[in-house]
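Have a look at the structure below, then the notes.
Bear in mind that the values in this text are calculations on the coordinates, not laboratory data. Note that the structure is predicted; figures quoted are calculated from it, not measured. For neighbour counting, all protein chains shown are included, and Cβ atoms are generated from backbone atoms with ideal geometry for every residue, glycine included.
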Amino acid sequence: MVATHRPAGVSFAAGWAAIGGAWNLLGAFGAGVLGIGAASTPGVAVVALLLSAFQVLLGFGMLVLAGGLYKVQSWARLGGIVLFGLFSLVEAVSVLAGSIGSLLVLGLNAAALAVLVLDADAFGTSRPDLSEGSASSYRPGR
């Protein structure tokens, strides 16, 4: 039996994705319930409902990604690289627009992105791919 090895960086990325997923689900509640309740026109209510639905999908998607990273599946590496890359760009724009509070989130997203790019061996591949196999045969030093 070969033990599964998950590097600490991949565990960090999985945890950060889980926190982001939970945060988006909480944001969906705020955008949906509070946004629709405070809407002055039906158009504003529709926008709040669409934003809430998007955040629900994003939140559940990030939770699925967190599970894939926790299990060290190679498809999750590609998904993590794409998502954390996009989130890093969004936070960088937010920081440049004057939101200094986004600097910490930018750093965490960039760190998760870097870990997933550099820990290719943990996923049993030297490049991101879409295979369903897990990296349970990974052994340090090989």
Over all directions, how big on average is the projection of the convex hull of the alpha-carbon atoms in segment 10-123, in square nanometres? 7.3
Please give, to one decimal in nm, the separation of the simple spin-label points placed at PHE54 and ASP121, each 7 Å out from Cα toward the Cβ. 4.1
Using a Förster distance of 35 angstrom, determine the FRET efficiency expected from the C-beta separation of ALA38 and ALA8, and round it to 0.05. 0.20
At R0 = 25 Å, how high is the FRET efficiency between ILE100 and ILE19 if r is their beta carbon distance? Nearest 0.05 is fine. 0.75
Here the Cα Rg-to-2.2 N^0.38 Å ratio for segment 1-50 is 1.91
Apply the Kirkwood formula to segment 58-112: the hydrodynamic radius equals the inverse of the mean of 1/r over all pairs of different alpha-carbon atoms; give it in Å with one decimal. 11.7
